[in-house]
Amino acid sequence: MTYPIVVYGHPVLRKVAEDIGKDYPGLQQLIDDLFETMYKSEGVGLAAPQIGKSIRLFIIDGTPYAEDIPELADFKKVFINAHITEKSGDPEFMKEGCLSIPNLREEVSRDAHIRIQYFDRDWVFRDETYEGFIARVIQHEYDHLDGILFTDRVSPLRKRLIRGKLNAISRGKFEADYQTILR
Ligand code: NI
């Protein structure tokens with residue numbers, strides 16, 4: 001099944017999500033549902049808080065975008081109880097968007113390299129390093145687990161300029177071609 005996407009202004013997007021146990025009820029189904037929801041809304045990643053579940057789980061599937069961004073080829077992963085343990089490198093700037101903030105794209109600074117520890121969907125522990133675009137996508141999804149949105153990371157000037165737009169989104173003044181939930 002698919003879930004509606006929680007939109008900017010909903011308190012669940014601001015909560016720090018919690019680790020889960022291996023026996024979390026319906027975990028495999030939930031992971032499948034996250035993928036289904038993400039494909040329907042054409043995202044490259046989706047975090048559990050975006051469907052209203054405050055747990056440390058996110059998914060990424062870059063394979064549909066591999067033609068434009070070759071490093072995304074074969075990159076389809078599930079991150080459970082993820083924790084970024086290192087960040088390094090010069091900050092890199094690139095425009096980002098988010099299914100929870102429809103029709104807004106802004107330049108965001110991200111660390112070039114990260115190290116992340118997590119469990120995959122077979123509950124195998126992983127300790128990996130990433131760079132470039134994949135590191136960016138991971139940091140974006142990971143931020144959702146800490147209640148942080150990409151709009152928190154734009155420049156102070158842009159923050160002022162988009163304030164009205166964000167307020168409008170939180171009042172339901174936006175269009176999205178996927179199902180959403182405001183509160
Ligand atoms: Ni997002």
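How much length would be gained if the chain were fully extended between MET94 and THR2, taking 0.36 nm per residue of separation minus their Cα-Cα distance, in nm to one decimal?
Stretched fully, the MET94-THR2 segment lengthens by 30.2 nm.
Determine the calculated [θ] at 222 nm for the chain from helices alone, applying -39500 (n - 2.57) to every DSSP H run no shorter than 4 residues and normalising by the residue count; nearest 500 deg cm²/dmol.
Values: 3 runs with 44 residues, N = 183.
The per-residue figure over the chain is -8000 deg cm²/dmol.
Provide the solvent-accessible area of ASP68, counting protein heavy atoms only and rolling a 1.4 Å probe, rounded to the nearest 10 Å².
Estimated to the nearest 10 Å², ASP68 gives 130 Å².
Give the relative contact order (percent, whole number) for the chain; include only Cα pairs under 8 Å separated by 6+ residues.
28
Over all distinct alpha-carbon pairs, what is the Kirkwood Rh of the chain in angstrom? Let's see the in-between values first.
Details: mean 1/r = 0.0600 Å⁻¹.
16.7 Å is the Kirkwood radius here.
Order of 175-182, 81-88 by packing, highest average Cβ count within 10 Å first? Don't skip to the answer; put the middle values down first.
On the way: 175-182: 13.2, 81-88: 14.9.
Ranked from most to least packed, the peptides come out as 81-88, 175-182.
Which value results when the Cα radius of gyration for segment 1-97 is divided by 2.2 N^0.38 Å? Please report the intermediate quantities before stating the final value.
On the way: Rg = 14.4 Å, N = 97, 2.2 N^0.38 = 12.5 Å.
The reported ratio for this selection is 1.15.
Return the lysines within reach of LYS95: Cα separation strictly under 16 angstrom, same-chain partners fewer than 8 residues apart disregarded; answer none if there are no such residues.
Output for LYS95: LYS159.
The values are calculated or read from the model by the stated rules, or taken from the named source; none is laboratory data. Bear in mind that the values here come from a model prediction, so they are computed numbers and not experimental data. In this analysis, Cβ positions are derived from the backbone assuming ideal geometry, glycine residues included, and neighbour counts consider all displayed protein chains. With ligands, DNA and RNA removed, areas are computed over all heavy atoms of the protein, side chains included. Shrake-Rupley method; radii C 1.70, N 1.55, O 1.52, S 1.80 Å.
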